[in-house]
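Below is one structure, written out as structure tokens; the observations come after it.
The values are calculated or read from the model by the stated rules, or taken from the named source; none is laboratory data. Predicted model, so just to flag it, every value in this text is computed and none were measured. FYI the Cβ positions are ideal-geometry reconstructions off the backbone, even for glycines, and counts take in every protein chain you see. Keep in mind that these areas ignore ligands, DNA and RNA; they rest on the heavy atoms of the full protein, side chains included. Shrake-Rupley method; radii C 1.70, N 1.55, O 1.52, S 1.80 Å.
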Amino acid sequence: MKAHVHVTLKPGVLDPQGKAIHKALSGLGFEGVEQVRQGKVIELELSETDPARARESLRDMCEKLLANTVIENYAIELDV
Amino acid sequence: MKAAVIVFPGSNCDRDVQVALAEAMARHAPGTAPVMVWHKDADFEKVDLIVLPGGFSYGDYLRCGAMAAQSPVMKEVVGRAEKGVPVLGICNGFQILTEAGLLPGALIRNASLKFVCRDVNLRVETGQSLFTSRYEQGQTIRVPVAHHDGNYIAGGEDVARLEDRGQIAFRYCDPEGALTGPSNPNGSAANIAGVFNETKTVLGLMPHPERLADPALGGTDGRPMFDGLVEALS
């Protein structure tokens, strides 16, 4: 089973990289971009076939390693 | 006095801090020297002080300090720190301590987005700790920083709470000790450069006291940290 974990900075946490991207987009002439926040996507290939168990295991991975929950949120997406 | 310097793949200040500690030990606890502990050695000898050095452990993959915080040796370090063994984390060592949950908050990308490598002024916020006993509260010292991700945020803990509990160890300041914007090299909340855990037995700081701990390096403002630690723990 394939899974995607989306890790994003919590609202309110300063994102200097997002700001720099925003500025660069404006410089390229892309108007109307109101905010940019940068995160990361982690792709995982799991041997687990049960979506509930996969989800539970992924949550554990996020809490322990994939995200720093002091500053980041995570969202789990399963391709089923 | 026994001290251990933990070495991760990618550590690059391990020898510097080893020398700074060894010199302090030679002055205050002759006949002793720090031991170097490789990150895979989960079971190392009993020591009075553990130091996590600066560098780029595990290539800063995922987040600075995130992989190191999960390494075999860190489980042991966390266990010992929880029992009260003093732990000092410098730069990447500070990042590892926050990732391991031994210190509050997190360190994110510098507000300028640039790697900052220069001397900064620090205001000592308390002289009452194992790490700062040889400094005076309010004293200004000069120590180098060299990092890309040193922008401290308190996260769930708010800065006022850290302040109330006396957990702020050092703050970036101007040469007169004023907490100004331009003296903050990375955008850290409330100019925070270093924090303690609640019991003040764990300290993490972004600046490098080991890089100014010998006159040959151009200054000795970092030396009192190592002298104070060795004196207190011998």
(Q) What figure, in Å² to the nearest 10, do you get for the accessible area of A:T49 with a 1.4 Å probe and non-protein molecules left out? (A) 120
**Q.** Cβ-Cβ FRET estimate between B:R118 and A:V80, R0 fixed at 51 Å, reported to 0.05
**A.** 0.50
Q. Separation between the A:V41 and B:A190 pseudo-spin-labels, each 7 Å from Cα along Cα→Cβ, expressed in nm?
A. 3.9
Q.
Can you list the residues in the stretch B:100-132 whose accessible area drops by at least 30 Å² when all protein chains are present, compared with the chain alone? Use a 1.4 Å probe, heavy atoms only.
A. B:A106, B:I108, B:R109, B:L113
(Q) Could you work out the pair-distance distribution P(r) of chain B from its alpha-carbon pairs, with 10 angstrom bin width and percents rounded to whole numbers? (A) 8, 37, 40, 14, 1
Q.
How shielded is A:66-75 by partner chains, expressed as the average number of their Cβ atoms within 10 Å of its Cβ atoms?
A. 5
Q.
If packing is taken as the average count of other Cβ atoms within 10 Å, what order do B:191-203, B:43-55 fall into, highest mean first?
A. B:191-203, B:43-55
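Do any trypsin sites (Lys or Arg not before Pro) in the stretch A:42-74 lie in a DSSP loop with no more than 13 other beta carbon atoms within 10 Å, and if so, which? Don't skip to the end; give the middle numbers.
Working: sites: A:R53, A:R55, A:R59, A:K64; in loops: none.
When the trypsin sites (Lys or Arg not before Pro) of the stretch A:42-74 are filtered for loop state and at most 13 Cβ neighbours within 10 Å, nothing remains.
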Q) Once every DSSP H run of n ≥ 4 in chain B is given -39500 (n - 2.57) and the sum is divided by its residues, what mean residue ellipticity at 222 nm do you get, rounded to the nearest 500 deg cm²/dmol? A) -6500 deg cm²/dmol
Q: Return a whole-number percent for the relative contact order of chain B, with Cα pairs under 8 Å and 6 or more residues apart as the contact set.
A: 21
Q. How large is the accessible surface per residue of the protein assembly as shown, computed with a 1.4 Å probe and reported in Å² as a whole number?
A. 45
Q. Can you give me the relative contact order of chain A as a percent, contacts being Cα pairs under 8 Å and 6 or more apart?
A. 53
Q. If R0 is 30 Å, what FRET efficiency do you get for A:K19 and B:R165 from their C-beta distance, rounded to 0.05?
A. 0.40
**Q.** chain A: GluC sites (Glu not before Pro) in DSSP coil with no more than 14 other Cβ atoms inside 10 Å
**A.** A:E31, A:E34
Q | Extension reserve of the A:H4-A:E56 stretch, reckoned as 0.36 nm per residue once the Cα distance is removed | A | 17.3 nm
(Q) Calculate the FRET efficiency for B:R15 and B:S133 from the Cβ-Cβ distance with a Förster distance of 30 Å, rounded to the nearest 0.05. (A) 0.70
Q: Could you please state how large a percent of the accessible area of the stretch B:3-233 is carbon and sulfur, counting protein chains only and using a 1.4 Å probe?
A: 50
Q: Would you mind telling me the share, in percent, of accessible area of chain A contributed by carbon and sulfur at probe 1.4 angstrom?
A: 52
Q.
For the stretch B:193-221 and the stretch B:18-52, what is the centre-to-centre distance using only Cα atoms, to the nearest Å?
A. 16
Q) Sorted by mean Cβ packing within 10 Å, highest first, what order do the peptides B:176-183, B:62-69, B:86-93, B:99-106 take? A) B:86-93, B:62-69, B:99-106, B:176-183
Q: Give me the accessible area buried between chains A and B, both sides summed, with a 1.4 Å probe, in Å² rounded to the nearest 100.
A: 1200
